[in-house]
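Down below is the structure, laid out as structure tokens.
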Amino acid sequence: MYRYWFGDIEDRESRSCVRLSGGETVWITRFFQVISNTIPIPPAEWEDAAQAGIVRTREEYLHYLRKICICGTQAQLAERTQRSDLVLIEMVRGLDEIDRVLNRLQERAHDWSLSLNLHYPPGTAPGWVQDGTNAAFTRPGKALEILQNEIQRLQEARRSFAKEVRAMAEQVLPNSSVLVGGLVAARLLSEAGDLPALARMPASTLQVIGARKALFSHLQTGTSSPRHGIIFQDKKIHNAPRRQRGKMARTVACAVARAVKLDFFRGEMVPEFLSDARARIAKARGGK
Amino acid sequence: MIWAGEILVSPGKPAAGERAVNGCRVWDPSRSKLAALYHLGDGPDLIATMRVLYLGASYGTTVSHVADYVEVVYAVDSASRPMQDLLRLCSHRKNIIPLLADAAHPERYMALVEKVDLVYQDIAQRDQAGIAIKNLHFLRPGCSCILMLKTRSIDVKRPPAEICAETVQWLSPFFRSVATTWLLPYHQDHAAIVCEGLI
């Protein structure tokens, strides 16, 4: 028996077809059934649908198929937009974009200020900058002021935005957020693509994810392998003495690998796990 | 294909903001690889009775032009963001059937898609030839497949010509003839592989 969107074909030769009937929900349920089909079947044939009396003409066949596919696709998309892991990814990518923009703007404002013989940020005077000595250079006009105000506003926005991201990360990634902080956990998720993919990653991947350039230069030209990727942003690693960072990165990555599995399969904080993970990390730090 | 002098057009109602010549939509070769192919060489003509399976529909720029010419386009794409735009396009056009599915798993849409006269593929994956071969399941015997080979998606280090030759070798057992057109100057490192006459 072959299942098509319009019904079941019992026998390809005689084209006997069990027709599907019912309201809209029946058709959508059917759509979801057939779109997860895993066994190859012969492509659909509109004549089968016509013979079974489901449609009269080819126009009608395409009309209904189009309608069902549009509704079904909308339902698929709706399912995806409700997934909180994907929402978190959008949020953390937005945050990182703000950071990039802020950096560029600050750099620009800095250069601009110096070219006007002002200091930047306003009020921090390095010794060699003479402020207000040359009248021709000290009138930045409105433009620079506007830019500086915008930077300030963006910095404030960034702060509240980051708070939101952290709060969301605590929901989606309750265990890993505790271990490495919400932002780092969210960035790991963003690199992985979604929560199921993140949960299936081995610790070694989590350790170097985000260090793509270094990893491929290691694999292809034999430079030394990267010790850490995104995970380096965790203070346990970047605050560690240089010699210890590789070890810390491995230990934290192992803990995170377990944490994300709990995040995905349980979806709640597991205190016993967290205290165990913390103990392991503390041991790695102490044990040189 | 319909030409207005040197300009390729498709017989559809131009939407607001679209360039039009003689009331037809201009099909820009630097935006669409298929248009580039028609400008550079000879792809198979699109005719009004054709059914097309389009893999890698993306935002639907090319899909909309193909749909202007043919009877029906089955537009497959696995990414949800472009699919939202594609759905908007589908609401204006009666002959595009959107499918949010992975072209590497054609069995997922076998219950929805019928036999077609043209398989067109434009996807950024490693295994582009393999995906095309899997989807030949939908192609009628004697009909054509156009594969827009993104050599950079397969391997950035190997020379594009080598990758292309390899892909042609994989596809040629299935067809009577396989021809390659490089899409310069419109698209860098992209080859259009036109496979005609499915055996």
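Values computed for the structure shown
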item	result
Candidates A:Ile41, A:Ile28 - the one that is surrounded by 12 or more Cβ atoms within 10 Å (Cβ to Cβ), closer than 21 Å to B:Pro106 by Cα and away from every other protein chain (no Cβ under 12 Å)	A:Ile28
Verdict on B:Ala111 being more than 8 Å from chain A (Cβ to nearest Cβ), buried (at least 20 other Cβ atoms within 10 Å of the Cβ) and in contact with a Phe, Trp or Tyr (Cβ under 9 Å, 6 or more places away or on another chain)	no
Wholly enclosed helices (runs of 4 or more DSSP H) of region A:182-288 bearing at least 3 residues over 23 Å from the mean Cα position of the chain (by Cα) and over 27 Å from A:Ala167 (Cβ atoms)	A:212-221, A:245-265, A:271-286
Among the candidates A:Asp111, A:Asp85, residue that is acidic (Asp, Glu) and modelled with pLDDT of 90 or more	A:Asp85
Residue identified as more than 13 Å from chain A (Cβ to nearest Cβ), over 30 Å from A:Asp48 (Cα atoms), among the charged types (D, E, K, R) and in contact (Cβ under 8 Å) with a residue 60 or more places away in the chain among B:Asp127, B:Asp28, B:Asp122	B:Asp122
Residues that are facing chain B (nearest Cβ under 10 Å) and out of contact with any strand residue (DSSP E or B) (no Cβ under 8 Å at 6 or more places or on another chain), drawn from region A:44-54	A:Glu47
Scope region B:177-197; condition on the phi < 0 side of the Ramachandran plot and part of a loop (DSSP other than H, G, I, E, B); matching residues	B:Leu183, B:Leu184, B:Pro185, B:Tyr186, B:His187, B:Gln188
Every pair of residues 6+ apart whose Cβ atoms lie under 6 Å, when the first sits in region A:7-22 and is under 13 Å from A:Ala44 (Cα atoms) while the second is part of a strand (DSSP E or B) and open to solvent by 60 Å² or more (accessible area, probe 1.4 Å)	A:Gly7/A:Val18; A:Gly7/A:Arg19; A:Asp8/A:Val18; A:Ile9/A:Tyr2
Members of region B:78-100 that are in contact with a Pro (Cβ under 8 Å, 6 or more places away or on another chain) and over 20 Å from B:Met50 (Cα atoms)	B:Met83, B:Leu86, B:Leu87
All positions within region B:73-108 that are among the hydroxyl-bearing types (Ser, Thr, Tyr) and either open to solvent by less than 20 Å² (accessible area, probe 1.4 Å) or more than 8 Å from chain A (Cβ to nearest Cβ) (or both)	B:Tyr74, B:Ser78
Filter pass, A:Ile70 being assigned to a helix (DSSP H, G or I), in contact with a strand residue (DSSP E or B) (Cβ under 7 Å, 6 or more places away or on another chain) and of a type in the set (A, V, I, L, M)	yes
Considering residues of region B:106-131 that are part of a loop (DSSP other than H, G, I, E, B) and among the hydrophobic types (A, V, I, L, M, F, W, C) only, the residue farthest from the chain's Cα centre (by Cα)	B:Ala111
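The values are calculated or read from the model by the stated rules, or taken from the named source; none is laboratory data. All values derive from a computational prediction rather than experimental measurement. Cβ sites come from the backbone with ideal geometry, for glycine too, and all protein chains shown count toward neighbours. Note: areas computed on protein heavy atoms with side chains; ligands, DNA, RNA excluded. Shrake-Rupley method; radii C 1.70, N 1.55, O 1.52, S 1.80 Å.
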